[in-house]
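Taking it in order: structure first as structure tokens, then the write-up.
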Amino acid sequence: MSEAYNGVKFTTVYKDKLPPKHEDLAVLKQWCKLFHEKGLAPPYPGGSYGNLSFRTATGSFIITGTCIGMKDTLADDCFVEIHDCNAATKEIIVTGMRPPSSETFMHYTIYQNRKDVQAIFHGHNAQITQNAFALGIPETPETVAYGTLELAESVLGILDSNNFIVIKEHGFVAMENTMTLAGELAIEWLKKASTH
């Protein structure tokens, strides 16, 4: 992580100020807890580094809200449903009780460009990020600020058909067609990285 977390860099526009409702929220909550336990979403005062999301059948996606602690028991209002993102105005249209994760534009960009991806798990682990080259993990070419359109674009530049990438000096992104597969992919790379 190249810089300390200090908030989101976009405007949240609330379509509805209600917690999102979805039958798969329980699965997302389980993976949030597991990411904390495995050291894939390290805590900071007031939250956790990392953000997890899944795509819904209607084309929206549900993502962790900003400043939530993944070690905590998470209520539905810790999550936000994303209906649209406007890069020109830096506005995000949501249903939820709080702003979404700072990396919402990155998740949106991946979902827009990879129709096969149904879950995106972005985490932080030094063993993975520092050993990306040795492990043969695709990595963005330069360091960019978190939560920016530039970060989303840098990910797009190496996305192709890769399901696991590293954002230089920042974190990793696991992408799969289910949350379980995305989570298992991250844990698999953690095991490989721990031997380096």
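The values are calculated or read from the model by the stated rules, or taken from the named source; none is laboratory data. All values derive from a computational prediction rather than experimental measurement. With ideal geometry, Cβ positions are generated from the backbone for all residues, glycine too; neighbour counts draw on all protein chains shown.
Here residue 53 qualifies as within 25 Å of residue 170 (Cβ to Cβ) and either more than 17 Å from the chain's Cα centre (by Cα) or at pLDDT 95 or above (or both). Exactly one of (1) within 16 Å of the chain's Cα centre (by Cα); (2) more than 17 Å from residue 49 (Cα to Cα); (3) assigned to a loop (DSSP other than H, G, I, E, B) is unmet by residue 161. Its number? The failed condition is (1). Looking only at residues in segment 120-145 that are more than 23 Å from residue 180 (Cα to Cα) and of a type in the set (A, V, I, L, M, F, W, C), the one that is surrounded by the most Cβ atoms within 10 Å (Cβ to Cβ) is 144. Would you confirm, using the coordinates I've provided, whether residue 146 is part of a helix (DSSP H, G or I) and under 16 Å from residue 52 (Cα atoms)? No. Of all residues in segment 71-85, those that are surrounded by 14 or more Cβ atoms within 10 Å (Cβ to Cβ), out of contact with any Lys or Arg (no Cβ under 8 Å at 6 or more places or on another chain) and at pLDDT 95 or above total 4.
Of all residues in segment 60-88, those satisfying the criterion of being assigned to a loop (DSSP other than H, G, I, E, B) and either under 17 Å from residue 11 (Cα atoms) or out of contact with any helix residue (DSSP H, G or I) (no Cβ under 7 Å at 6 or more places or on another chain) (or both) are 60, 66, 67, 69, 72, 73, 75, 87, 88. The residue list 89, 11, 64 contains one member that is under 19 Å from residue 182 (Cβ atoms) and either touching a residue at least 60 places away in the same chain (Cβ under 8 Å) or of a type in the set (Val, Ile, Thr) (or both), which is 64.
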